[in-house]
Amino acid sequence: MKFGRRLAIAAGLLLGLGMSPCLSQAQAPAPQPVIRVAVEGAYPPFNFIDASNELQGFEVDLLKSLCEAMQARCELVQHPWDGIIKGLLNREYDAIMSSLEITERRQKRIAFSDPYYRIPAVFIASKEAAPGEVTPLTMAGKKIGTIERTDHEAYLKTFYKESEIVLYAKAEEANLDLLVGRIDAVFADELLLSKFLATREGGCCHILGDAPAEPAYKREAYGIGLRQEDEALREQLNRAIAQVKADGTYDRIRAKYFSFDIK
């Protein structure tokens with residue numbers, strides 16, 4: 001009986017102080033949800049494996065900031081590119097953040113977050129050509145090289161009808177022809193062409209201009225791949241993407257890897 005009275009008195013004192021006898025349980029923080037995210041690790045500077053066998057890159061850094069914004073714990077899962085969507089559908093992980101382009105074909109199988117990066121398209125030319133407008137009118141009569149079976153080819157053939165469009169299997173072939181003067185310009189994504197401009201051979205050339213605002217070039221968009229039923233996770237990620245873009249975190253991370261805007 002004495003023990004029972006002591007227990008009741010102790011409980012009364014705790015309640016009098018506004019505390020619960022189950023205080024430790026009531027105040028225990030809820031465990032953070034774990035989100036498993038697949039990353040290929042073979043597409044620098046977006047994602048790659050460093051000398052310590054750790055995943056690094058723009059997407060890895062951005063993913064960490066998204067998880068902080070969501071107050072979630074993320075687990076990176078390295079997965080080869082082949083079968084990466086199949087692994088998502090088989091629930092081997094919860095999301096894919098590995099430069100997965102948003103396409104109509106893929107949207108029939110999986111859902112996507114809002115785009116977290118886009119690659120702009122540019123025209124490059126010899127430094128003898130001054131930068132300026134690169135509209136269909138100003139480029140009329142010019143030979144423009146681009147990579148076959150790409151959005152860039154479709155764009156040029158649709159809008160630059162007065163230019164001669166020269167197709168190549170690889171960007172390197174187009175850049176070589178530009179170097180020796182066989183064509184007047186190359187049109188492709190800025191990431192690809194900026195790598196050429198950074199080389200010794202690329203010192204011949206510079207960016208002539210960005211794809212014009214009119215007619216607008218539909219830039220390739222990349223998002224986080226998700227299962228179609230995981231709508232709550234998609235909404236969480238979209239809010240986090242918007243937050244890191246708004247508070248400057250995105251631009252700080254981007255500047256480590258790219259000299260141009262990819263939002």
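Just the Kirkwood number for segment 33-74, please: inverse of mean 1/r across all distinct Cα pairs, in Å, one decimal.
When all Cα pairs of segment 33-74 are included, the Kirkwood radius is 10.6 Å.
Taking H as built 1.01 Å from N, whose amide H comes closer than 5 Å to the amide H of Tyr117, not counting residues under 5 places away?
Under 5 Å from the amide H of Tyr117: Tyr222.
Could you check the simple spin-label distance between His206 and Asp151, using points 7 Å along Cα→Cβ, in nm with one decimal?
For His206 paired with Asp151, the spin-label model returns 2.8 nm.
List the GluC sites (Glu not before Pro) within segment 185-263 that DSSP assigns to loop and that have no more than 13 neighbouring Cβ atoms inside 10 Å.
Sites meeting the loop and neighbour criteria: Glu229.
Before rounding to the nearest 500, sum -39500 (n - 2.57) across all DSSP H runs of length at least 4 in the chain and divide by the residue total; then give [θ] at 222 nm in deg cm²/dmol.
On the way: 10 runs with 93 residues, N = 263.
Calculated at 222 nm, the ellipticity per residue is -10000 deg cm²/dmol.
Give me the percent of the accessible area of segment 48-147 that comes from carbon and sulfur atoms, probe 1.4 Å, all protein chains in place.
On the way: 2270 of 5080 Å².
Exposed carbon and sulfur together represent 45 percent of the surface.
When averaged across all projection directions, what area in nm² does the alpha-carbon convex hull of segment 160-259 cover?
Projected over every direction and averaged, the Cα hull of segment 160-259 covers 9.6 nm².
So if we plug the beta-carbon distance of Arg36 and Glu164 into 1/(1 + (r/R0)^6) with R0 = 35 Å, what FRET efficiency do we get, rounded to 0.05? Show your work: numbers first, answer last.
Details: r = 50 Å, r/R0 = 1.42.
The value I calculate is 0.10.
Return the long-range amide H neighbours of Lys142 (sequence gap of 5 or more, or a different chain), with a cut-off of under 5 Å between placed amide H atoms.
Here the answer is Glu164, since their amide H atoms fall under 5 Å of that of Lys142.
Roughly how many debye, to the nearest 20, is the charge dipole of segment 70-141 about its Cα centre, given +1 on each Lys and Arg Cβ, -1 on each Asp and Glu Cβ, and no other charges?
The calculation lands at about 240 debye.
Would you work out the Kirkwood radius for segment 216-263? I mean one over the mean of 1/r across all pairs of different Cα atoms, in Å.
12.6 Å
Given a Förster distance of 30 angstrom, what is the FRET efficiency for Glu229 paired with Tyr43, based on the Cβ-Cβ distance and rounded to 0.05?
Once the sixth-power term is evaluated, E becomes 0.60.
At q = 0.22, 0.28, 0.30 Å⁻¹, what log₁₀ I(q)/I(0) does segment 187-235 have when each alpha carbon counts as one equal point scatterer in the Debye sum?
-0.84, -1.07, -1.14
Could you give the size of the charge dipole of the chain about its Cα centre, using +1 on the Cβ of each K and R and -1 on the Cβ of each D and E, expressed in debye and rounded to the nearest 20?
In debye, rounded to 20, the chain gives about 1300.
For segment 218-263, with all protein chains present and a 1.4 Å probe, just round the carbon and sulfur fraction of the accessible area to a whole percent.
Solvent-exposed carbon and sulfur of segment 218-263 make up 47 percent of the total.
Over the residues of the chain, compute the C-alpha Rg and express it relative to 2.2 N^0.38 Å. Let's see the in-between values first.
Values: Rg = 26.4 Å, N = 263, 2.2 N^0.38 = 18.3 Å.
The reported ratio for this selection is 1.44.
For the chain, what is the relative contact order in percent, using Cα pairs closer than 8 Å and at least 6 residues apart in sequence?
25 percent
Along the charge dipole of the chain, Cβ charges K/R +1 and D/E -1, which of Val60, Thr199, Ile144 sits furthest on the positive end?
In the chain, that residue is Val60.
Per residue, how much accessible surface does the chain expose to a 1.4 Å probe? Answer in Å², no decimals.
For the chain, the solvent-accessible area averages 56 Å² per residue.
Per the Debye formula with a single identical scatterer at each Cα and no solvent contribution, what log10 I(q)/I(0) holds for segment 81-132 at q = 0.30 Å⁻¹?
-1.33
Using amide H atoms built 1.01 Å from N in the peptide plane, name the residues 5+ places from Ser98, or on other chains, whose amide H lies under 5 Å from its own.
Sorted by chain and number, the residues that satisfy this are Gly225.
Could you calculate the FRET efficiency of Glu173 with Arg73 from 1/(1 + (r/R0)^6), where r is the beta carbon distance between them and R0 is 41 Å, rounded to 0.05?
Values: r = 46 Å, r/R0 = 1.13.
E(calc), rounded to 0.05, equals 0.35.
In terms of Cα to Cα distance under 22 Å, which lysines are near enough to Lys256, apart from those fewer than 8 places away along the same chain?
Counting by Cα, and skipping residues close in sequence, Lys256 has these lysines nearby: Lys64, Lys195, Lys245.
The values are calculated or read from the model by the stated rules, or taken from the named source; none is laboratory data. Note that the structure is a prediction, hence the values are computed from the model and not measured. In this analysis, Cβ positions are derived from the backbone assuming ideal geometry, glycine residues included, and neighbour counts consider all displayed protein chains. Ligands, DNA and RNA are excluded from the accessible area calculation, which covers all protein heavy atoms including side chains. Shrake-Rupley method; radii C 1.70, N 1.55, O 1.52, S 1.80 Å.
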